[in-house]
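The values are calculated or read from the model by the stated rules, or taken from the named source; none is laboratory data. In this text the structure is predicted, and so the values were computed from the model without any measurement. Backbone-built Cβ (ideal geometry, glycine too); neighbour counts: all protein chains shown. Calculation scope for accessible area: heavy atoms of the full protein, side chains included, ligands and nucleic acids excluded. Shrake-Rupley method; radii C 1.70, N 1.55, O 1.52, S 1.80 Å.
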Amino acid sequence: MGWGGGAPQHLAEGRHPVGPTPRGAGLTWAGRGRAAPGAGAAAAAMAGAARGGPGPWLLLLGAAVSLVGAQVTYETKEVPENEPAEIPCAAYEFGLKNPRIEWKFQKGSSLVLFYYGGELTEPYKDRIRFSPNAIVFLTVTRADTGKYICEVVGDGSKIAKSEVNLIVQVPPSKPVAHVPTSATIGSRIVLRCTETDGSPPPSFRWYKDGMLLPTDPKSSPSFRNSSYSLDTATGELVFQPLGSSDSGDYSCEASNNVGSPQRSDAIHMEASEVNVGGIVAAVVVLLMVLALVAFGIWFAYSRGFFSKRKE
């Protein structure tokens, strides 16, 4: 996402007027009960300067830092896709004097400043309505899932910050079951189920011949002879080892409590012993091919095809 025009000078220079306070600033974090250093820290800095310590510029920096206080709130909000969404700025409710407000959107390692200087940037101008205590999306899409950060700076460099983790609810699409059609008895076999649209991420279940596989095979008489592990978060079904009774039609299902669960097509997996006869047949065929090659070389030599021309 772009900035929607030229970035302000403080951004171009790499400075952020309302960003997080540097470490060591002695912030007061809400609910943590730790106070910022006050007049005592400033007095100690002044005494140090009088003894030939740091100069006045460091004293001023220490005094400014001691005035900074921060309060932070967090919340999570879930909204269906294509519906309006109101994201509150709880930081504004702290009542700082002469507040300056900025909004940022964070998704993974990407951080976008989309409201500063009293204006929304592109492409948010036509999608958001702004008020000091909230922003309202006219409609949200799955791309809007992420963290919304509201920072408010008041007089005296006091900072308040609130974060809202927005989850745009999207029902799962039809998953895909990755199942080998044949597998060797006694080996380790992994079946995978994948789905790419669901938000929040779906959980997975597996079915064999239309019957739900329990998480623990020993808990069901129907699957007591199987040895597998099932991860409902990743969708992996691991047989270790694979047994003869594990042959069947396998399908998986994805659900996230948004919309209806979706099930994949069924794929048949045949568990079989090592095919000794097939291996022997392959060896015989290979020997026959080698014999034919050897005969061809002998025949060529006997006919003089490889003899050197006389000078």
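Here are the numbers for the structure shown:
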| quantity | calculated |
| --- | --- |
| Candidates 304, 296, 278, 259, filtered to the one that is over 30 Å from residue 199 (Cβ atoms) and within 52 Å of the chain's Cα centre (by Cα) | 278 |
| Filter pass, residue 129 being open to solvent by 70 Å² or more (accessible area, probe 1.4 Å), at pLDDT 95 or above and either more than 28 Å from residue 202 (Cα to Cα) or small (Gly, Ala, Ser) (or both) | yes |
| Matching residues in region 171-199 - criterion: being assigned to a loop (DSSP other than H, G, I, E, B), open to solvent by less than 70 Å² (accessible area, probe 1.4 Å) and over 14 Å from residue 261 (Cβ atoms) | 179, 180, 185, 186, 187 |
| Members of region 201-213 that are at negative phi and either modelled with pLDDT under 95 or open to solvent by 70 Å² or more (accessible area, probe 1.4 Å) (or both) | 201, 205, 211, 212 |
| Residue in region 89-107 that is modelled with pLDDT under 95, in a strand (DSSP E or B), more than 23 Å from the chain's Cα centre (by Cα) and of a type outside the set (A, V, I, L, M, F, W, C) present | yes |
